[in-house]
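S.K.: Quick one: the structure is below, and I'll ask about it shortly.
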Amino acid sequence: MNMRRDCLLLEKKYLTVTALTRYIKRKIDSDPHLHEVLIKGEISNFNHHRRGHMYFTLKDDHTRISAVMFAGYNRYLNFTPEEGMSVFIKGQVSVYENFGQYQLYVHEMHPDGVGALYLAFEQLKKKLSKEGLFDVKHKLPLPKYPKNIGIVTSDTGAAIQDILSTFHKRYPRANLYILPAIVQGEYAPDSIVTMIEKANHFHIKLDLLIVGRGGGSIEDLQPFNEERVARAIFHSKIPIVSAVGHETDVTISDYVADLRAPTPTGAVMLSVPAQDELLKNIQHMKQNLLRFVTQVHKSEQERLKRLQSSHAFRYPEQLLQQKEQELDYKMERTERAFTHLIHEKEQKLKNVNIRLQVTSPREEIAQYKEKVATYDKQLLSSFKKLLNERRNDLNNAIDKLTLLSPLHTIQRGFALPYEKDGTIIRTSKQVQTNDAITVEIKDAYLSCKVKNVREKNHDK
C-alpha cells in the first residue's frame, strides 16, 4: 500500500512529453521578440507540396532551422524559391508540437542581393515564353497609316515630350490621345494595366497604342516586368508598340508587345511614316503617272491616225457590202450544218428505237411471270402435303398419349385410389387400416375406408 502511494507521488513529479512541449510552445509564442524576426539564409531541402505549402531548411555556415511558408503567403511571391538560393525572410518562430521542434513560419521572402529583380525577370520570362505569350503568331500587324494613336505613359515625364515633338515633325496628321499612367513605383503596374484596358474600350477606335517610359534603373523599369502588365499587353485588341527605357534596356513588355522600339522616340519612327517621305513619294508617283498618261495619249493618237488612213475609213460602203456578203455566207453555212445535225440526231433516235424493240423486256417479263405462277403452285402443293403429314403425326401422337392416360384406363373399368391430399396410391406402404381414401371410377368418386391391408405374396 505504501509502495503504491509512493509510486503515485513519484508520478506526479514528472511531466509528460506533451505537457513539456506545450509549455515550451507557450513560452516561445509569448516572447514578442520572436513574433516578427528578419533572417537571412540559404534554402536547402526545398519541397513544394501539392497542396501549395512550401517546406524547406534555412541554413548558414554553422546551423540550420526548419521553415514552412503556407500557400496563403507564398502565392504573392514574384519568384520561385530554388535549392541553394540565398534569401531574406520575415516570419515568426514557434513550436510544431507533433515533432516537438521549433521552426520558422515564413510570411515574406525575397531573393538576396541586386540579382533578385534579374532572377524574377528570368523566371517570369521563362514562364510566359512557355505559355506562348512571346510567339510571333500572336503578334498583331501595325497599320501602315494609323489615324488615331493612344500613348500610355506619364504625362509629366520627358518621354511624352519626346513622343509628341517627334510626331509633330514626322506625322502631324495623326490624332494623339494621351492616357496618363504611373510608370514607376508600387502603384505603377495597376495604373498601366488600367490604361491599356481603357484604351481597348475608348470612345474613339484607336489604331495603335504606344506603351512605355524613359530610361532609368532596373528598379525604375520594374513595372514593365510585372506579369499582370505583360498579360494586359497580350490580351489587347489594339496593336501595341513597347517603348521602355534606352536601347539596351529589355523588359518583359518588349517580348509580349507586337513590336519593340529601342526608345520612346524610336517608337514613333517605327509606328508612322515620315510625312516628307510620303510627299516625295506622291510627287514621284505623280510624275510617273503623268509620263505614263502622256505616253498612252501619244500612242493612241498614232493609232487613230493609222485607222483614219486605213482602207475601212476611206471606203466604208465597200467594207459594209463585203461584211454583208460574209454574213450571208456564214448564215447559209450555219443553216446547212444545223439541218445536217438534226438529220443525224433523228437517225440515231430511230436506231435506238429499233434496238429497244429488239431487246424489249416485255416477253422476258411474261416468261418470268409464268415461272412465278408455276413456283406458287408447287409451293402450295408442297405446303399442303407437309401439313397433312404433320396432322397425321399429331393424331398418332394423340392416340399414343390417350393409351397412356389414366383416364383411358378408368374408361376400361379400372379405378384409381387417392390419399386425402390427392396423391395416387401406388403401394401398400402409403395406407394403413382405417385410413380414409378416395376411389375414382368412370363416372364418380367413392369415399372409402381401409378395413384391412393385405400385401401380395409374390412367391405364391
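S.K.: For the stretch 143-189, what class follows from the C-alpha gyration tensor (a ≥ b ≥ c being the square roots of its eigenvalues): rounded when a/c is under 1.5, otherwise prolate if a/b is larger than b/c, else oblate?
M.R.: prolate
S.K.: Between rounded, prolate and oblate, where does the stretch 2-113 land on the alpha carbon gyration tensor, with a ≥ b ≥ c its root eigenvalues, rounded for a/c under 1.5, else prolate if a/b exceeds b/c?
M.R.: prolate
S.K.: Where both partners of a DSSP beta bridge lie in the chain, what percent of those bridges are antiparallel, to the nearest 5?
M.R.: Taking every DSSP beta bridge with both residues in the chain, the antiparallel ones total about 65 percent.
S.K.: Follow-up. Output the relative contact order of the chain, whole-number percent, from Cα pairs under 8 angstrom with separation of 6+ residues.
M.R.: RCO, the chain: 8 percent.
S.K.: With a cap of 11 neighbouring Cβ atoms within 10 Å, and only residues DSSP puts in a loop, list the chymotrypsin sites (Phe, Trp or Tyr not before Pro) found in the stretch 36-122.
M.R.: Qualifying residues, ordered by number: 76, 99.
S.K.: In the stretch 343-380, whose amide N lies under 20 Å from the spot 7 Å out along Cα-to-Cβ of residue 390? List them in ranges.
M.R.: In the stretch 343-380, the label zone of residue 390 (backbone N under 20 Å from the point 7 Å along Cα→Cβ) covers 376-380.
S.K.: Need one number: nm distance between label points at residue 107 and residue 446, each 7 Å from Cα along Cα→Cβ, rounded to one decimal.
M.R.: Using points 7 Å along Cα→Cβ, the separation is 11.5 nm.
S.K.: I need the chymotrypsin sites (Phe, Trp or Tyr not before Pro) found in the stretch 202-303, filtered to DSSP loop residues with at most 15 other beta carbons within 10 Å of theirs.
M.R.: 202
S.K.: Still on this structure: Calculate, in nm to one decimal, what residue 297 and residue 231 gain on full extension: separation in residues at 0.36 nm each, minus their alpha carbon distance.
M.R.: Taking 0.36 nm per residue and subtracting the Cα distance, the gain is 17.9 nm.
S.K.: For the stretch 89-173, what are Rg and Dmax over the alpha carbons, in angstrom?
M.R.: For the stretch 89-173, the Cα radius of gyration and maximum Cα-Cα distance read 24.4, 75 Å.
S.K.: Which GluC sites (Glu not before Pro) in the stretch 219-259 sit in a loop by DSSP (not H, G, I, E or B) and have at most 16 other Cβ atoms within 10 Å of their own Cβ?
M.R.: Filter output for the stretch 219-259: 219, 247.
S.K.: Do you know the relative contact order of the stretch 410-449, to the nearest whole percent, from alpha carbon pairs under 8 angstrom that are 6+ apart?
M.R.: Over the stretch 410-449, the number comes to 42 percent.
S.K.: Can I ask one more? Once you have the Kirkwood Rh of the stretch 135-273 from its Cα pairs, apply Stokes-Einstein at 20 °C and 1.002 mPa s and quote D in µm²/s.
M.R.: 148 µm²/s
S.K.: Tell me whether the chain comes out rounded, prolate or oblate; compute the Cα gyration tensor, take square roots of the eigenvalues as a ≥ b ≥ c, and use a/c under 1.5 as the rounded threshold.
M.R.: Verdict is oblate for the chain.
S.K.: Now for a separate question. Cα-Cα pairs above 10 Å in the stretch 410-449: how many percent?
M.R.: 70 percent
S.K.: Going by average Cβ neighbours within 10 Å, how do the peptides 17-28, 269-280 rank, with the highest at the top?
M.R.: 269-280, 17-28
S.K.: Test of understanding: ordering 14, 171, 177 by Cβ neighbours within 10 Å, fewest first, what list do you get?
M.R.: Ranked by crowding around the Cβ, least crowded first: 14, 177, 171.
Where a number appears in this text, it was derived from the coordinates with a stated rule and is not lab data. Fair warning: this is a prediction, and the values are worked out from it, not measured in the lab. Positions of Cβ are generated from backbone atoms using ideal geometry, with glycine treated the same way; all protein chains shown enter the neighbour counts.
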